[in-house]
Structures are given as structure tokens and as C-alpha cells.
Amino acid sequence: MKVGLIGYGKAGSAVAQVLSEDPRYTLAWVATRSGQPASVVLGGTRIPVTALTKASLAHWLDQHPVDALVDFSNAASAAVYGEEVKRRGLTLVTAISSYDEAQLAYIRSLGAQARVLCSPNITVGINFLIMAARLLREIAPFADVEILEQHFRDKPEVSGTAKKIAESLDVGGDKITSMRLGGIVGHHEVIFGFPYQTVRLIHDSIKREAFGTGAAFALNELRHGPLGFYTFDDLLMKRVRAQLLAGAEG
């Protein structure tokens with residue numbers, strides 16, 4: 001599968017490294033706001049870099065065709081590549097956490113003509129945590145819930161992942177505590193307070209390459225699925241159902 005990567009910041013560069021080392025994928029190119037540098041070397045291969053502009057993207061895709069786009073840039077980029085995703089039926093994996101309602105609705109609409117996954121945190125571990133937390137919340141709706149998120153000191157906004165956790169557990173934003181410390185990549189903790197016990201579900205992103213392994217997992221799960229809009233939950237539940245079915249048959 002040929003992949004084009006949108007965004008080459010700290011997360012994007014880590015994702016590029018993982019995809020370039022995965023034999024299932026060919027990282028065909030990287031798109032940045034400025035188009036600089038002209039190329040990057042990953043795994044001994046020189047990867048071209050282009051500027052992400054609506055005027056030039058169609059021509060670039062004609063010259064450098066891909067099967068999928070992976071977006072680690074910003075919310076505005078969807079307006080640049082969205083129509084090409086629809087027109088070409090490209091698989092899209094986007095890990096942007098700052099979409100407003102209109103932008104998210106647009107991303108959802110792309111699923112009518114493409115395979116689209118949208119997840120504000122694309123690591124496998126955090127999405128498994130969310131699934132487990134939701135199950136525990138259903139089992140024990142009376143338990144108190146608090147969410148702690150810690151990130152590097154220059155991250156200004158509340159974690160999109162923490163907001164997603166709160167939404168999935170049907171608790172308000174006042175249940176989220178944010179801390180900004182040094183160079184923490186990402187820490188999320190869900191605390192359930194029972195009368196006589198406490199349950200803590202914790203996920204730590206140790207390196208940003210975790211985003212790359214999550215993107216690779218998503219691409220592989222989407223490649224043979226039907227067109228549509230997916231969340232990471234959808235992909236994990238597909239695996240869980242398969243395991244439960246296999247266990248029942250065994």
C-alpha cells in the first residue's frame with residue numbers, strides 16, 4: 001500500500017519513521033505547509049516532500065499516486081485534500097484532535113466515498129483503555145470518575161483524548177484535570193472511585209512512534225473493509241468480536 005503523509009512535525013516525523021520501516025507500506029511522499037525540506041531520508045530511501053496546497057495537490061497526486069493518506073498536520077488540512085480523497089477513493093487516517101463541528105462533519109461525509117478513520121489519539125493502547133473504561137462504567141455507573149491528562153509543557157489545549165474519554169463515559173469536562181510538565185509525550189489516567197476500592201486505568205505514550213504503530217494498524221484494518229467512516233473503537237471491536245467468536249467455536 002502506497003501512503004502519503006500529511007504533516008512532518010514531531011508526531012509526523014515519528015510516524016514517517018515507523019511507516020518507512022513497515023514492509024506492508026511504502027511511504028511515497030510527505031506534504032508540509034512549506035514544502036521544506038525538499039526531501040527526507042528514511043530507512044536509506046529519499047522521500048520527496050511537497051507543499052500542501054489545494055491548487056497543486058491534484059497534479060501532485062497524478063504524478064505521485066497513493067492508496068492512502070495519513071494526516072498528522074492540523075484541522076485546516078482536510079479542506080485541502082478532502083475532495084481528492086472523495087474523487088480518488090483514497091483511504092484516510094486522520095489523527096487530528098482539534099476539528100470543530102463543521103470540520104468533523106466534513107470528515108464524516110468523506111466516508112460515503114472512501115474508507116475514513118478519525119481518532120484524536122491513534123495509539124492502540126489508549127483506545128483499548130477507552131474501551132475498557134466504558135465497560136467498567138457500564139458495570140458500575142455509581143462509581144466516581146476522574147480523568148487525569150499530562151502532556152509536554154507547550155501543549156496549550158486540553159487533550160482531545162481526555163475529552164473523548166469524558167464523552168465516552170458520559171461525564172463533564174470538569175472531571176478532567178490537566179497538567180503540563182517538561183517533555184511528557186502523553187499520559188492519560190482514568191480513576192474509578194468505589195466505596196471500598198479504587199480502579200486506575202493508565203496509558204503512557206513513551207515515544208511518538210506509538211502514533212505510527214497505531215496508524216499502521218488502522219491502515220491494515222481499513223484496507224479490506226467497506227467504505228465508511230470509522231472510529232478506532234470500530235476497529236478494536238471487530239477484533240474483539242472475532243476473538244469472542246473464535247473462543248465460542250473452540
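What follows is calculated from the coordinates using simple rules that are stated; it is not laboratory data. Here the structure is a predicted model, which is why all the values come from computation and not from measurement. FYI the Cβ positions are ideal-geometry reconstructions off the backbone, even for glycines, and counts take in every protein chain you see.
Taking the C-alpha atoms only, the angle from helix 209-222 to the longest principal axis of the chain is near 80 degrees. Based on alpha-carbon atoms, the Kirkwood radius and the radius of gyration of the range 124-205 give Rg/Rh equal to 0.97.
Of all DSSP beta bridges located in the chain, what percent are antiparallel, nearest 5? Of all bridge pairs located within the chain, approximately 40 percent are antiparallel. By how many degrees, between 0 and 90 and to the nearest 10, does the Cα long axis of helix 10-21 differ from the longest principal axis of the chain? Tilt of helix 10-21: around 70 degrees. The three principal axes of the Cα atoms in the range 175-250 give end-to-end lengths of 41, 35, 22 Å, sorted in falling order. Here's how it looks for Ile47: its modeled amide H is under 5 Å from those of Val40, Val41, Leu42, which are all 5 or more places away or on a different chain. The residue list Val30, Val124, Tyr196 was ranked by how far each Cα lies along the charge dipole of the chain toward its positive end, using unit charges on Cβ atoms, and Val30 comes out on top. Kirkwood's formula applied to the C-alpha pairs of the chain gives a hydrodynamic radius of 19.1 angstrom.
Relative to the longest principal axis of the Cα atoms of the chain, the long axis of helix 124-139 lies at roughly 30 degrees.
Exposure proxy shown here: for Leu235, Leu148, Leu27, the number of other Cβ atoms within 10 Å sets the order, fewest to most, as Leu148, Leu235, Leu27. Exposure proxy for Ile130, Ile47, Ile147: other Cβ atoms within 10 Å of each Cβ, ordered fewest to most, give Ile47, Ile147, Ile130.
Taking 7 Å steps out from each Cα toward its Cβ at Asp62 and Asp174 produces label points 5.7 nm apart.
Here's how it looks for Val145: its modeled amide H is under 5 Å from those of Gly193, which are all 5 or more places away or on a different chain.
Given the pairs Lys10/Lys164; Lys175/Lys238; Lys10/Lys175, which span a C-alpha to C-alpha distance of over 24 angstrom in this model?
On the way: Lys10/Lys164 22 Å; Lys175/Lys238 30 Å; Lys10/Lys175 29 Å.
Checking Cα-Cα distances, Lys175/Lys238; Lys10/Lys175 exceed 24 Å.
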